[in-house]
There are 2 protein chains.
Amino acid sequence: MLPRGRPRALGAAALLLLLLLLGFLLFGGDLGCERRELGGRAGAPGCFPSQLMPRVSPDWRLRGAAALDGDPLAGPRDSNPSDCGPQPLPPPKCELLHVAIVCAGHNSSRDVITLVKSMLFYRKNPLHLHLVTDAVARNILETLFHTWMVPAVRVSFYDADELKPQVSWIPNKHYSGLYGLMKLVLPGTLPAELARVIVLDTDITFASDIAELWALFAHFSDTQAIGLVENQSDWYLGNLWKNHRPWPALGRGFNTGVILLRLDRLRQAGWEQMWRLTARRELLTLPATSLADQDIFNAVIKEHPGLVRPLPCVWNVQLSDHTLAERCYSEASDLKVIHWNSPKKLRVKNKHVKLFRNFYLTFLEYDGNLLRRGLFGCPSQPPSGAEQLQQALAQLDEEDPCFEFRQQQLTVHRVHVTFLPHEPPPSQPHDVTLVAQLSMDRLQMLEALCRHWPGPMSLALYLTDAEAQQFLRFVEASPVLAARQDVAYHVVYREGPLYPVNQLRNVALAQALTPYVFLSDIDFLPAYSLYDYLRASIEQLGLGSRRKAALVVPAFETLHYRFSFPPSKVELLALLDAGALYTFRYHEWPRGHAPTDYARWREAQAPYGVQWVANYEPYVVVPRDCPRYDPRFVGFGWNKVAHIVELDAQEYEFLVLPEAFTIHLPHTPSLDISRFRSSPTYRGCLQALKDEFHQDLSRRYGAAALKYLPALQQPWSPARGS
Amino acid sequence: MLPRGRPRALGAAALLLLLLLLGFLLFGGDLGCERRELGGRAGAPGCFPSQLMPRVSPDWRLRGAAALDGDPLAGPRDSNPSDCGPQPLPPPKCELLHVAIVCAGHNSSRDVITLVKSMLFYRKNPLHLHLVTDAVARNILETLFHTWMVPAVRVSFYDADELKPQVSWIPNKHYSGLYGLMKLVLPGTLPAELARVIVLDTDITFASDIAELWALFAHFSDTQAIGLVENQSDWYLGNLWKNHRPWPALGRGFNTGVILLRLDRLRQAGWEQMWRLTARRELLTLPATSLADQDIFNAVIKEHPGLVRPLPCVWNVQLSDHTLAERCYSEASDLKVIHWNSPKKLRVKNKHVKLFRNFYLTFLEYDGNLLRRGLFGCPSQPPSGAEQLQQALAQLDEEDPCFEFRQQQLTVHRVHVTFLPHEPPPSQPHDVTLVAQLSMDRLQMLEALCRHWPGPMSLALYLTDAEAQQFLRFVEASPVLAARQDVAYHVVYREGPLYPVNQLRNVALAQALTPYVFLSDIDFLPAYSLYDYLRASIEQLGLGSRRKAALVVPAFETLHYRFSFPPSKVELLALLDAGALYTFRYHEWPRGHAPTDYARWREAQAPYGVQWVANYEPYVVVPRDCPRYDPRFVGFGWNKVAHIVELDAQEYEFLVLPEAFTIHLPHTPSLDISRFRSSPTYRGCLQALKDEFHQDLSRRYGAAALKYLPALQQPWSPARGS
């Protein structure tokens, strides 16, 4: 009688042989070497064809979901969702799907938004996003989702900094740093009642409905807890170069850019201890992790292969150089998820990269407003504020000639604050931030503005999603702009026909971090000395603390494009006398700035007070907590005048600064102003807005508001400014 | 023994009962009335709940494909492609799908492009588009597809005007006119070997892969030849108002916005005779068709019910007011095809309209360049020219500092000629078209330009797909622009970082239809009299026929935004003497126009000849067949100078016109110019372009080209113009 071990041994041998054979068929060709996000080190010397190692389940890698059911005949088309082989059912309509993402910093926040757009485009289910963020990402994403108001999307935030102690003991060479390791602690971080979650890297793009991915949970055996796609590189096979010693992994290992987590099972299995033990043990012989969480996940899986559920490769097509991904997608008739895990990201070398890049660019430039759409017949809590907004919009009369104005005033614009990396200025008691707003056609002003204003700036940009990318490239291409970390750019996404000038000003104002703000316009260049001079004046005058005042910066204009900016008040006055400069709007609308009293300013040695007069619209410096601009004034006209009225009504005194000045440069009139000039309706609507504005003033200031009535009743001259 | 008829009679009665019951369940609620594209007449008085009429197959309407297989339990989710009930397999990977569309005129051409974008976005199969077009649509779509270069898309054109006689005998009230009827003659028009085709209206948007629709051919019985979705309105039930008498139809009838045609079977069945007989008979009692082809299709089907294969409603969700469509999509978890068949189109009242509109806007504004992507592993003939282009691009060196220039020069931009309705000017022997190019930031110039130039214009606009829609709204909102039918707008879609100024000029030039062209720039306003004066001068001087000459229009500039345009040469000279005007670029680059000899022009009574001198770049009038602009000059610099060199090299004489003038208005410097000023690399690349340009000149003109060498070797001053 044969020893019982024998048959098993034979079976094992046969299996090994089969694996080797299959491995040979699949990977006989020449293979490059490359790994997940290894800084610049991809394409390092010493690449060899992969060694043929047995791996978990050799037959699923190049197959679709069907292969998971072990159908030996399952062909590439099995990964097509319309293909009705053993393809799993999608989750019941309207089931809530959970997604977790770790995100830190300004750049990752932009990446996450593109990922989310691709997810929302294809999704048909309600989603709950669990975002583990640092303070920067949280501020950005909280504002974004709050203003985005996407139906059937819930967002929860988790403080990444609180999690740091749990992973900070692990030495890590990967550029993602500590944040890269935080996926390991999700089972303990996410709510205890949460049983399943899809975990995604930020460099992922969806090309299909995430519900199909969620449906793969159904394929987990009773013990499997982690769904992963195999690595599409040879990194974990080792020997990529001399002394290349990766962390232990099953064969080619798994990529953790896309993970299906059964949190409930991991908690039961004591995941917290499990991964820590493994990591500690490996770190006795290995100096650090190279690929952050991925090294540890793979080491744990090597030790507990029963935990892993291999997923079809199309759910994490890894676009690295010389990647094996092509073996996957070239046979699939369909593509599900693209993972930009090459250090070169979009510039990765891949003969299909254009196709993949187009998927990415589609969502990068996609108008996120279009994703504010409900789901078919899935009852869902409308986003906060959305309901009232809908009612207000519904009450508007489409036949009202001012309908466009009403609609624009009610529009909630998506806001992406600190779109680019930004260093808040060190807090100083008298510091002042230049506040302004612009759209694409004023980008050219930014470099000059940076040269004239060395201090912090808070700028709101009114852009489409696509323009935001052009803007990004513009800043990167400009050494002057790229050098400035103290300029905060806040993107407000375009929606509606009228320019929401005051909403933009309020966004920039709200994001200013210094105690004082200089409320300017983008087509003005301040005196070179203004920043220093303002801070000194604020201190001397005890602005804010001792006095409730608005410091007036006298405004001038040149009608020539090329003129040499006066280095001092003396030169300014010379140009003024020579007729090369004028006081602002001298020809069209002197009233706007007359109260500044330019004659007195010429001689003034000290700040002097002036009285409010109808139509006064000076450029002023005020404490950050000043009244906001009235958002009802959209498009063109009365937007700044109304704000000055508000300051006067709140009894700010107006103090003109003797050495301060700012100069308006000529520019093509905006579309809004030309439209205004040509349309009596437009003027009529503006008058209506002014009447309503005055009613509000009376409501808030009572009799004191009577003072403003005549000004508000004046008919509007197209010639005048804003 | 019972008569044989009895059981059948009983069965029929039972069926009728079932139908009534079902009809009641489905249509018990209140129903509006509305029909397919009935001008403004939707919502006419006299709407009644639908009568409960038996219809072909009562159970499929609210079901997905599954219901086609008669699965009685098939629920709404059966229409979900990922749902693996009896859902049909998609067509084999890479099968060629055929689509036919009838399209006439400028506006329908824009619609078709949006439809095609939605189709291309989701498609995974090669497509062959069969476009039945009038001359206008053909010119637009041929240029578009030729420059779009989408892989795996073939386009064939069929002349709609040739088909008119086949349908012109049918009186038709529908606004689509004769073209609306042409779907009837497709079986005889499309190639005899073509067996199957999907026929689409132009107001269709895809929200899924058209291959899934194609797959429904598999459900046809051996005799069925026409796949249609039932009408989602009560039009064919009649009684919508007093004397409302629709054409005959089975119950609610079918909507012909989406048709699956088995051309082979229709030909066999003698379709040509079949529909003509039916139409002739009905027209004995009915005055005309109200819904064009749809009335006749329905009448034929009523007579030959065996021909029709009912399709699941999600394949033609008809968004009319009070439509029954909601019964369809609200139960479907998925949406396949949206049909904007309300007269109000996007403004249709529907509580989900925002969701549907967002699908439409997605593709309306979608960057069509992103659809230039190949298919997974489907071998396909690359579009003509694409292969050479790829090779040329592949040969570029990404490290070359001028890489951006090289790439931009090679870029083939998608071109949509005559984007808006346009009436070609009546052909006149001395007529002249103003040719210019612009981007979004110069739209404000158009109204003024129209006031100054009453003649034909050919303008190239460099826009994104989204900007093209803003432009459309801008023109519609401007009475001045909307009134002009002789201004042709050609949209060239943005791609790449550098402004392809000369490619744009060449597009506008190529589309000019008069024998002469005035080559201007968008920021110039011509003298009010210039159009008449030029035509007179062209005749007197026998330009083109007797003399090979370029007529020079002297250029001036104002540095002020608001100035009163001089009505005559006398006033112009007065302003010049007063310093309110200057000769063009007087301050920065007088050399550009010095050869025009302004001193002589002051006194001149007759045209006078001038010699070419280095850097000369006048604005000229030439025959339409003049040399093209050199497309290698992209971005900023040398683009016009090079063209003048070319004219001189081809021995055009330069004749200055004594009464002609044009004035440059100030504008914000373009991004390109600011970029140029700040970048030595940019200047270096421009020099390289000039060198290559001169090499080409030498090649073409031999020793004669030596004359231009010094000019081309001059280093470039940032101050100078274009």
- Message: Condition check: in the same structural domain as B:F661 (by the TED database), among the small types (G, A, S) and modelled with pLDDT of 95 or more. Does B:A536 satisfy that?
- Response: yes
- Query: Given the conditions (1) closer than 29 Å to A:C313 by Cβ; (2) crowded, with 22+ Cβ neighbours inside 10 Å, which single one is not true for A:A152?
  - Reply: (1)
- Mind checking whether some residue in the range A:164-174 is within 30 Å of B:K354 (Cβ to Cβ) and either at pLDDT 95 or above or not assigned by the TED database to the domain that holds A:P421 (or both)? no
- Task: Check the range A:187-206 and report whether any residue there is at pLDDT 95 or above, small (G, A, S) and assigned to a loop (DSSP other than H, G, I, E, B).
- Result: yes
- Message: Looking at B:P658, B:P623, B:P607, B:P618, can you tell me which residue is at pLDDT 95 or above, in the same structural domain as B:L504 (by the TED database) and touching a His at 6+ places or on another chain (Cβ under 7 Å)?
- Response: B:P618
- How many residues does the range A:376-386 contain that are under 22 Å from B:E326 (Cα atoms) and loosely packed, with under 14 Cβ neighbours inside 10 Å? 2
- Query: Here are B:R281, B:R252, B:R245: which of them is of a type outside the set (D, E) and not in a loop (DSSP other than H, G, I, E, B)?
  - Reply: B:R281
- So which residues in the range A:609-626 are surrounded by fewer than 16 Cβ atoms within 10 Å (Cβ to Cβ) and closer than 15 Å to A:K548 by Cα? A:G609, A:Q611, A:D625
- How about the range A:236-257: which of its residues are of a type outside the set (G, A, S) and in contact with a strand residue (DSSP E or B) (Cβ under 6 Å, 6 or more places away or on another chain)? A:R252, A:F254, A:N255
- Message: Looking for something facing chain B (nearest Cβ under 10 Å), within 24 Å of A:F419 (Cβ to Cβ) and either surrounded by fewer than 18 Cβ atoms within 10 Å (Cβ to Cβ) or not hydroxyl-bearing (S, T, Y) (or both) - is there at least one such residue anywhere in the range A:337-351?
- Response: yes
- Query: What are the residues in the range A:124-135 that are out of contact with any strand residue (DSSP E or B) (no Cβ under 6 Å at 6 or more places or on another chain) and surrounded by 20 or more Cβ atoms within 10 Å (Cβ to Cβ), if any?
  - Reply: A:K124
- Task: Working only within the range B:592-610, note down all residues that are among the polar types (S, T, N, Q) and outside any loop (DSSP other than H, G, I, E, B).
- Result: B:T596
- Query: Within the range A:320-373, how many residues turn out to be at pLDDT below 80 and either in a loop (DSSP other than H, G, I, E, B) or within 15 Å of A:D111 (Cβ to Cβ) (or both)?
  - Reply: 20
- Quick check: is even one residue across the range A:652-664 in contact (Cβ under 8 Å) with a residue 40 or more places away in the chain and within 14 Å of chain B (Cβ to nearest Cβ)? yes
- Query: Which residues, taken from the range B:259-288, are β-branched (V, I, T) and surrounded by fewer than 23 Cβ atoms within 10 Å (Cβ to Cβ)?
  - Reply: B:T278, B:T285
- Within the range A:388-431, track down each residue that is more than 30 Å from A:I538 (Cβ to Cβ), out of contact with any Gly (no Cβ under 8 Å at 6 or more places or on another chain) and surrounded by 12 or more Cβ atoms within 10 Å (Cβ to Cβ). A:L389, A:Q390, A:A392, A:L393, A:L396, A:D400, A:F403, A:R406, A:Q409, A:L410, A:H413, A:H416
- Message: For the structure I just gave you, tell me whether B:A477 is modelled with pLDDT under 90 and either within 14 Å of chain A (Cβ to nearest Cβ) or crowded, with 18+ Cβ neighbours inside 10 Å (or both).
- Response: yes
- Applying the selection to the range B:544-591, what residues are within 13 Å of another protein chain (Cβ to nearest Cβ), under 17 Å from B:P526 (Cβ atoms) and not in a loop (DSSP other than H, G, I, E, B)? B:E557
- B:D532 meets each of (1) touching a residue at least 40 places away in the same chain (Cβ under 8 Å); (2) outside any loop (DSSP other than H, G, I, E, B) with one exception, condition (1)
- Item | Scan of the range B:439-462 for residues that are crowded, with 21+ Cβ neighbours inside 10 Å, within 14 Å of chain A (Cβ to nearest Cβ) and modelled with pLDDT of 95 or more, ordered by number | B:L446, B:L449, B:Y462
- Of all residues in the range A:352-382 being small (G, A, S) and more than 10 Å from chain B (Cβ to nearest Cβ), which is farthest from the chain's Cα centre (by Cα)? A:S380
- Taking A:R281 as the residue in question, decide whether it is in contact with a Phe, Trp or Tyr (Cβ under 9 Å, 6 or more places away or on another chain), farther than 18 Å from A:F220 by Cα and of a type in the set (D, E, K, R). no
- Is it the case that A:Y533 is crowded, with 21+ Cβ neighbours inside 10 Å, among the aromatic types (F, W, Y) and under 13 Å from A:V621 (Cβ atoms)? no
- Can you name the condition, by its number, that B:E404 falls short on among (1) within 26 Å of B:E692 (Cβ to Cβ); (2) away from chain A (no Cβ under 11 Å)? (2)
- Message: For the condition in a strand (DSSP E or B) and of a type in the set (V, I, T), what is the one hit in A:V622, A:V613?
- Response: A:V622
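The values are calculated or read from the model by the stated rules, or taken from the named source; none is laboratory data. Here the structure is a predicted model, which is why all the values come from computation and not from measurement. Note: ideal-geometry Cβ built from the backbone for every residue, glycine included; neighbour counts use all protein chains shown.
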